[in-house]
Amino acid sequence: MAANWWMISCKVNEDLIDFWMKNGIVTVGWSEIGNPLEYETKDKLLIRCDQVYSDVMPGKRIQYESQIWRFSREINKNDRIITYNAVTGEYYIGIVLEGYKYMAELYPKQPNVLKVKWIEKHINEKLISKELKDSLSQNYVVFRVFNCDVEIERLLVSNGNVKEALDKENEIYNEVLECIKELLKNMDKDKFKVLIKELLCAMKYKVSSNYDNDRENSYLIISEDELSFTKNIIRVCHLNDNEVSNLDTLLNILNSYNDNINKYLVISNNPISLPVKNGVNDKFFMINLSLSDVVLKLFQYYDALSEDTTKLLLLRKVYI
């Protein structure tokens, strides 16, 4: 399960951060409540907040209850913690090591505790986007932060410049694309055809097990809705570059099948030129997948591919 990200603010007490770093924890107060785990429901916890904080506006009491509940019930092991040090202008990132504990004897003023491994590298506020900064600036002590993981992780692994990190990431990504593309280009033709069939299955097409011509470069696939009503019958054609570079040549090949199918998926090493595509689509409906397109589809449907295929392509999913 993916980790959730949580902001724990310490605006009212900047010394808390040093306390957290020293003890490998993150804490919140509301010590007057006692152990929040003694209250089985949010309603019961809210009643306790009403009793303890009767001099506070009702809306504030609801906020207290919801934040105490989140901290004690919803933050899990391996979730990420973010906090902000206004003195240094930096964001600190931690990983939750253990679930919630009530530790009033050790920390009487901050009894609500999560054990955290704080990452040594901090993020200067000048380096983060305005959107992320806004999402981290809510007027609560405990709140969940959405869609922040990519930017924060890039900043943690970079030298502090998101653009540099993105450029490097794109460079590596493009190198991997070219590597897999070259591997496909040099792959045994029969293995490549089997690979394409597996990819089409992963894309939820029903794929014919038989080729329907002597060259064994054409077969049918069917797309159906959830009730198995046929929606489209499509002919898949594996063609060489010299067969797709000229409009007349390609049209002759498609006409030679001499059937009522007018939808084609053409697999080729290089992309078919726009004039040839337009010429074909005047008579048929054709989609072309070049090797570059195939690589992108393999990445997109990685989780549905067999282990043998991912090993064959030297593919491995990487998580930061």
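The values are calculated or read from the model by the stated rules, or taken from the named source; none is laboratory data. These numbers were taken from a predicted model, which means no experiment stands behind them. Positions of Cβ are backbone-derived with ideal geometry, glycine not excepted, and every protein chain shown enters the neighbour counts. SASA here: full protein model, heavy atoms, side chains in, ligands and nucleic acids out. Shrake-Rupley method; radii C 1.70, N 1.55, O 1.52, S 1.80 Å.
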**OP:** Give the carbon-plus-sulfur fraction of the accessible surface of region 1-93 in %, rounded to a whole number; probe 1.4 Å, heavy atoms of protein chains only.
**Re:** 50
**OP:** Name the shape class, rounded, prolate or oblate, that the alpha-carbon gyration tensor gives for region 1-87, where a ≥ b ≥ c are the square roots of its eigenvalues, rounded holds for a/c under 1.5, and otherwise prolate holds if a/b is larger than b/c and oblate otherwise.
**Re:** oblate
Subject >> the chain, accessible area per residue, ligands and nucleic acids excluded (1.4 Å, Å²) >> reply: 59
**OP:** Using the Cα centre as the reference, give the magnitude of the dipole from point charges on the C-beta atoms of region 58-187 (Lys, Arg: +1; Asp, Glu: -1; all else neutral), rounded to the nearest 20 debye.
**Re:** 680
Original post:
So, with +1 on the Cβ of K and R and -1 on the Cβ of D and E, and no other charges, what is the size of the charge dipole of the chain about its Cα centre, to the nearest 20 debye?
Top reply: 380
Subject >> Neighbour count of at most 14 Cβ within 10 Å plus DSSP loop: longest trypsin sites (Lys or Arg not before Pro)-free window in the chain >> reply: 122-203
**OP:** Consider just the alpha-carbon atoms of region 75-209 and return their Rg together with their Dmax, both in angstrom.
**Re:** 22.8, 71
Subject >> Within region 48-147, GluC sites (Glu not before Pro) in DSSP loop having at most 14 other beta-carbon neighbours inside 10 Å >> reply: 98, 105, 120
Original post:
Of 183, 6, 250, which is farthest along the charge dipole of the chain in the positive direction, counting Lys and Arg as +1 and Asp and Glu as -1 at C-beta?
Top reply: 6
**OP:** Specify the angular offset, from 0 to 90 degrees and rounded to the nearest 10, of the alpha carbon long axis of helix 58-69 from the longest principal axis of the alpha carbons in the chain.
**Re:** 70
**OP:** Give me the orientation-averaged projected area of the Cα convex hull of the chain, in nm², one decimal.
**Re:** 23.6
Original post:
How large is the dipole of region 242-307 about the Cα centre if only Lys and Arg carry +1 and Asp and Glu carry -1, each at its Cβ, rounded to the nearest 20 debye?
Top reply: 180
